[in-house]
Amino acid sequence: AKLPKYIKPPKRKPIPFDPIAFVGTAVAVLLAVLMVVGLISSPWMIAFMGGSGIAPETLELSTRYLNIQFMGFVPLCLTATITAALRGVGDTKTPMIYNTVANVVNIIFNYALIYGNFGLPEMGVEGAAIATLASRTVEFLVVIVYVFFLDLLFKFNSVEVIPDLQWYDLGFFKFQMI
């Protein structure tokens, strides 16, 4: 839909983004892979963190919680990397907004899934883990939509580092190549 002539869309410039962000993303992906290993070793991790003398039912609940949390580390790591990049270029408002959205989603889902409200089953500790996983996933999706689809696209190379860059536009995504 087109905007009426008297309403002008805001002009947005691409956010400068150094190649260092690629290193951050690579580290985040590596950490996410290592966290998947945590799915296999969660009972030992709980024992390592001081849970060796806890009751078996508590160990079982904490293991289930931790396993669900490990499933959300990929979006968590990637979101943290993009958040750091946005804050590094001076945009602190946007991360605050999507973190607030994620926290509201977490509160609503915790209320619904822990206690069985809104017609959902009462899930207790597992409900808390699923609520946190859902909020992290929503946060990640909001970040991806913001960065790649709202015309707030990163420049993947700093103009100061490589001055002769050419923009390529794929319709939904813009990037620069040497």
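Quick one: grab the alpha carbon gyration tensor of the stretch 64-152, order the square roots of its eigenvalues as a ≥ b ≥ c, and give me rounded if a/c is under 1.5, else prolate or oblate depending on whether a/b is larger than b/c.
Numbers: a/c = 2.86, a/b = 2.03, b/c = 1.41.
Cα axes put the stretch 64-152 in the prolate bin.
Sorting Glu60, Glu122, Glu139 by accessible area puts them as Glu122, Glu60, Glu139; the probe is 1.4 Å, largest comes first, and only protein heavy atoms count. Placing one equal scatterer on every Cα of the stretch 30-112 and applying the Debye formula, the log10 ratio I(q)/I(0) at q = 0.10, 0.24 Å⁻¹ is -0.37, -1.08.
Compute the signed sum of charges (Lys and Arg +1, Asp and Glu -1) over the other residues within less than 13 Å, Cβ to Cβ, of Glu126. Provide the component values of the computation, followed by the final result.
Values: positive: Arg64; negative: Glu60, Glu122.
Combined, the nearby Lys, Arg, Asp and Glu give -1.
Among Phe148, Phe118, Phe70, the sequence by solvent-accessible area, most first, with a 1.4 Å probe is Phe118, Phe148, Phe70.
The values are calculated or read from the model by the stated rules, or taken from the named source; none is laboratory data. Not measured: the values here are computed from a predicted model. Reconstructed Cβ throughout: ideal geometry from the backbone, glycine too, with neighbour counts over all protein chains shown. Keep in mind that these areas ignore ligands, DNA and RNA; they rest on the heavy atoms of the full protein, side chains included. Shrake-Rupley method; radii C 1.70, N 1.55, O 1.52, S 1.80 Å.
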